[in-house]
Amino acid sequence: MLELQGIRAGYGGVEIIRDVTLSVNEGRVVSLLGANGAGKSTLLSVVSGLMRPWAGAVRFMGTNITGWRPDQVAEEGLIQVPQGRRLFTKLSVMDNLLLGNTPRRARPMRKQLLQKVFSMFPILDQRREQLAGTLSGGQQQMVAIGRALMGAPRLLVLDEPSIGLAPSIAMEVLGHLRDLNRDGMTVLLVEQNVAQALSISDRGYILENGVIALSDEAKALRHDPRVLKAYLGV
Amino acid sequence: MDTLLQIISQGLVLGGVYALMALALAIVYSVTHQLNFAHGDLMVVGMYLAFWGMHALGVDPYVAIVVIAPLMFIAGFLLFRIVFAPMLSAPHLVVIQVTLALSFIVQSALLLIFTSNFQTVHTVLSGKILRFGPVMLAAAPVLAFVASIVLALAAYYVIRHTEFGKRVLAVAEDRQAAALAGVNVVLVQASVFAAAVAVMGIAGPLVAPMMVLQPSAGLHLTLISFIVFILGGANNYLGTLVAGLIIGLSESLSSLYMRPPELAPAVPYLIFIVFLLVRPKGVLERAS
C-alpha cells in the first residue's frame, strides 16, 4: 500500500534520513520505532508531503506521490495524526472534526464518519461544543485521531500518539488502533515506546541514525536480542 | 460646539475606514505571517479606478464598485500566487523589501497614468448633507462609515460561521496541521489575500470623494493600518475597531486643535507610542 524507496532527506545541509526503504502492506499495523532524534518524524514529514525528499520515491496505492502537497496526499487517503496532537485549540471539538473532513473524497461520508468517531470516543460527543484546547491530554489525542478518521483514511499514520499521556491512557489509545485495524484500517505507527507499539503491531522497522537498522515481524522483534538490549532494557 | 461635534463625527468616519483597512491587514497577517507594505497603495488603486471610471466612462464611483471589487479580487489572487506565495517562507526582511518595491511600482504606475496632479472624485452624494439633530454631516462620509462597519461585520461572520472561515482560523493557528487535515493552505492564503484586496477596492471608491487623490497617498494609509492593527491587539476584532476609531478621532481632532498645526500629523503616532507603553498587547487586552 505504502512504499518508500531509497528516501534521503534532511534540513538545510544536514542529512537526517539516509536511504530508507520500507513498505506497509494493506490491512496491517506497522511500527516505525527508534530513539528520539533517529529521524522518525522527518520520515513521516516526507510521507505526508510536509517535506520534499532529497532523493527516493514515495508510492501510495501504486501512485508516485513524491513531492505532493499535504492536502493532495490527504485527498488520496493517506492521513497523518501529527505529533503533539496539534489541534486547532480555539475551535470547538466539532469544528476540529469537521476540518478533518476537508478531503473531497471523504465529504459524502461525513455523517457516517462522524458517527463512527463518536461511537469510538463517546466523550467527544458530549464535548462537541467545547474548545479543543480545554480538553485533557487523552481527550485531545482522541480529537486528533477523530479528526484524521474524518478524512476517511485508507492508511492512518500516527506520530507518537502516546507521547505525554499516562501509561493507562496510552494503552487505551493503542487499543483503539488495534480495533480500527480489526475493522480493516491499515496503520503506520511511529513510537518511541517500543514494547507497547510492538504489542499491537504486525511488523516493525527500527530506525537508527536515519537508516533502517532492523526490520522483521513484530513477534520476532520482541524477542530479538538487539531489540531487547537497546530498547526494552532487558 | 458644532465644530467639535462635526470634527468628532468626521474622526469616527475616518476611524471606521482605518479599522476596515487594519482588519484586512490583520486577517492576511494571520494566515501568512507577513506584512504587506503596499496595503495602502492597493486602496489608492481602488480610488484611482473610481476616478478613472468617473472621468473616462462617466460611471458613478458607487456604481463602479460593482466592477472594481471583483477586478481587484482577481488581481489580488494573481498577485498572491505570483509575488507572495513563492516567498512566504523567506525571512521577513525579504518580504518587507519586496512589498515596498511593490508599493513603489504601484505609485510610479499611478504617477505615469494619472500624473502628479491632485484629483478629486465626485459622486451622486457630493454636496448632500444629512442632519442628525444639531449635527450636519456630509452624506458621503456617513456612507463610507456604515459600509466599513457592515464589511467588518460581514468578515467577522464569514470567519466565525462558515466552513471557509473555519479553514482560515485553522491555517492561522497551525498551517501544518491544517495541511495534514486536507486544507489547501496556499489556496486559503490566496483567497484571503484576494478578499483583502477586494475590500480595498470597495473602501477606495467609498473614501475617494473625501480625499484629494495623489499617487503617493498609499504609504500614509499603510502606516496608519499598521498602527491600528498593532494597537488593536493583532487579532482582536473589536480591539481593531476601537483602535481605528481612536486613531481616526485623534487625527481629525489634532487637525483642528494642534498648535503649531504642522505637528498635527504626528499626533496619531504619539498616541500610538503612549498606548504601546500602557497597553502593549492592544487597547482591549490587559498585559499579563
So what's the back-of-envelope 222 nm ellipticity for the protein assembly as shown, counting only DSSP H runs of four-plus at -39500 (n - 2.57) apiece and dividing by all residues, rounded to 500?
-> -18000 deg cm²/dmol
Report the relative contact order of chain A, percent, no decimals, based on alpha-carbon pairs under 8 angstrom and at least 6 residues apart.
-> 27
Contact order relative to length of the stretch B:2-278, as percent, for alpha carbon pairs under 8 angstrom and 6 or more apart = 41
Contour minus end-to-end for residue B:276 and residue B:259, with contour as 0.36 nm per residue of separation and end-to-end as the Cα-Cα distance?
-> 3.7 nm
May I ask you to list the residues of the stretch A:159-182 whose amide nitrogen lies under 16 Å from a point 7 Å from Cα along the Cα→beta-carbon direction of residue B:174?
-> A:159-165
Distance in nm between pseudo-label sites at residue A:15 and residue B:216 (7 Å out along the Cβ direction from Cα) | 5.5
Residue-by-residue Karplus 3J(HN,Hα) for the stretch B:206-215, coefficients 6.51, -1.76, 1.60, Hz, glycine and proline x | 5, 8, 3, x, 9, 10, 9, 6, 7, x
Enter the per residue convex hull volume of the protein assembly as shown, computed from alpha-carbon coordinates, in Å³ rounded to the nearest integer.
-> 181
Calculate the tail of P(r) for the stretch B:154-208: the fraction of all Cα-Cα distances greater than 12 Å, expressed in %.
-> 67
How about residue A:90: which lysines have a C-alpha closer than 23 Å to its C-alpha, ignoring those fewer than 8 places off in the same chain?
-> B:166, B:281
Enumerate the calculated ³J(HN,Hα) couplings along the stretch A:179-195 in order (Karplus 6.51 cos²θ - 1.76 cosθ + 1.60, θ = phi - 60°), each rounded to whole Hz, writing x wherever the residue is Gly or Pro.
-> 4, 4, 5, 4, 7, x, 7, 8, 10, 10, 10, 9, 8, 8, 7, 5, 4
Spin-label model distance (nm) - residue B:2 vs residue A:23, 7 Å beyond Cα toward Cβ | 8.9
So for chain B, taking the charge dipole from beta-carbon charges (+1 Lys/Arg, -1 Asp/Glu), which of B:185, B:48, B:91 sits furthest toward the positive end?
-> B:185
Would you mind calculating the gained length between residue A:223 and residue A:57 on full extension (0.36 nm times residue separation, minus the Cα-Cα distance), in nm to one decimal?
-> 56.6 nm
How large is the charge dipole for the stretch B:142-288, taken about the Cα centre, if only the Cβ atoms of Lys, Arg (+1) and Asp, Glu (-1) carry charge, to the nearest 20 debye?
-> 200
Residue farthest toward the positive end of the dipole of the stretch A:2-232, with Cβ of Lys/Arg at +1 and Asp/Glu at -1: which of A:60, A:174, A:112?
-> A:112
Any idea of the accessible area per residue across the stretch B:2-278, 1.4 Å probe, to the nearest Å²?
-> 44
Out of residues 5 or more away from residue A:207 or on other chains, whose amide H comes under 5 Å of its own, with H placed 1.01 Å from N in the peptide plane?
-> A:33, A:34, A:213
Long-range amide H contacts for residue B:130: which residues qualify at under 5 Å (H placed 1.01 Å from N, peptide plane, sequence gap of 5 or more or a different chain)?
-> B:137, B:138, B:139
Would you mind working out the magnitude of the charge dipole of the protein assembly as shown relative to its Cα centre, with +1 at each Lys and Arg C-beta and -1 at each Asp and Glu C-beta, to the nearest 20 Debye?
-> 600
Reference-scaled alpha-carbon Rg (2.2 N^0.38 Å with N residues) for the stretch A:2-232 = 0.98
Can you give the charge dipole size of chain A about its Cα centre, rounded to the nearest 20 debye, using +1 on the beta carbon of Lys and Arg and -1 on the beta carbon of Asp and Glu?
-> 460
So which aspartates and glutamates can residue A:219 reach, going by Cα to Cα under 18 Å and dropping same-chain residues fewer than 8 places off?
-> A:191, A:202
Paired Rg and Dmax values of the stretch A:98-225, which use every Cα atom, in angstrom | 15.9, 49
Backbone HN-Hα couplings from phi across the stretch B:232-244 [Karplus 6.51/-1.76/1.60, Hz, Gly and Pro as x] = x, x, 6, 10, 10, 4, 5, x, 5, 4, 4, 4, x
Which three extents, in whole angstrom, do the alpha-carbon atoms of the stretch A:191-234 cover along their principal axes, largest first?
-> 24, 22, 17
So how much slack lies between residue A:208 and residue A:125, counting 0.36 nm per residue of separation and subtracting their Cα-Cα distance, in nm?
-> 25.8 nm
Bins of 10 Å, starting at 0 and running to the largest distance - Cα pair percent for the stretch B:2-278 = 7, 28, 36, 22, 6, 1
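The values are calculated or read from the model by the stated rules, or taken from the named source; none is laboratory data. Note that the structure is predicted; figures quoted are calculated from it, not measured. Positions of Cβ are backbone-derived with ideal geometry, glycine not excepted, and every protein chain shown enters the neighbour counts. To get the accessible areas, we keep the full protein, side chains included, count just its heavy atoms, and leave off ligands, DNA and RNA. Shrake-Rupley method; radii C 1.70, N 1.55, O 1.52, S 1.80 Å.
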